[in-house]
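Undergrad: Got a structure here, written out as structure tokens. Questions coming.
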């Protein structure tokens, strides 16, 4: 996975969260995150990932996919700025659809306002 990279939040030798990015396609990439403790949302993980995706790598959009059954993850994705854009039938298992989520740079609340425009 030569195009895979990530940002990990570590505190007291324990990894509390990570944002992994892959499938870079010029103006977009796919993001995958894990949050083991909500404090990482207040400690800069999303700011660092957003800066890397949108400013360092120059993307205008990041995508993610979540199981339609994982309503907690969909709610969290929406809370941080992602919006659902498509549903893929049986993407995870038979009868378990995938919801494609998207975060546009101009909608990213984790960048300073002048950078998001």
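Here, each number is a calculation from the coordinates, and none is a lab measurement. Just so it is clear, the structure is predicted and the values come from calculations on it, not from any experiment. Here the Cβ positions follow ideal geometry from the backbone for every residue, glycine too, while neighbour counts run over all protein chains shown.
Undergrad: In what sequence do 35, 53 fall when counting other Cβ within 10 Å, fewest first?
TA: By the 10 Å Cβ count, ascending, the order reads 35, 53.
Undergrad: A further question follows. For 9, 14, 63, what ranking results if the residue with the fewest other Cβ atoms within 10 Å of its Cβ goes first?
TA: 14, 63, 9
Undergrad: Something else: Show that you can apply the helix-only estimate: for the chain, add -39,500 (n - 2.57) for every DSSP H stretch of four or more residues, divide by all residues, and state [θ] at 222 nm to the nearest 500.
TA: -4000 deg cm²/dmol
Undergrad: Over its Cα atoms, what ratio of radius of gyration to 2.2 N^0.38 Å does the chain give?
TA: 1.06
Undergrad: Hey, what did the chain get for relative contact order, percent, Cα under 8 Å, at least 6 apart?
TA: For the chain, the relative contact order is 20 percent.
Undergrad: I'd like the distance between the alpha-carbon centres of the range 75-98 and the range 1-63, rounded to an integer number of Å.
TA: 19
Undergrad: Would you please state which residues of the range 22-44 a label at residue 109 would reach in this model, taking the label point 7 Å out along Cα→Cβ and a backbone N cut-off of under 17 Å?
TA: 38-44
Undergrad: Using a 10 Å cut-off around each Cβ, can you sort 77, 51 from fewest to most neighbouring Cβ atoms?
TA: 51, 77
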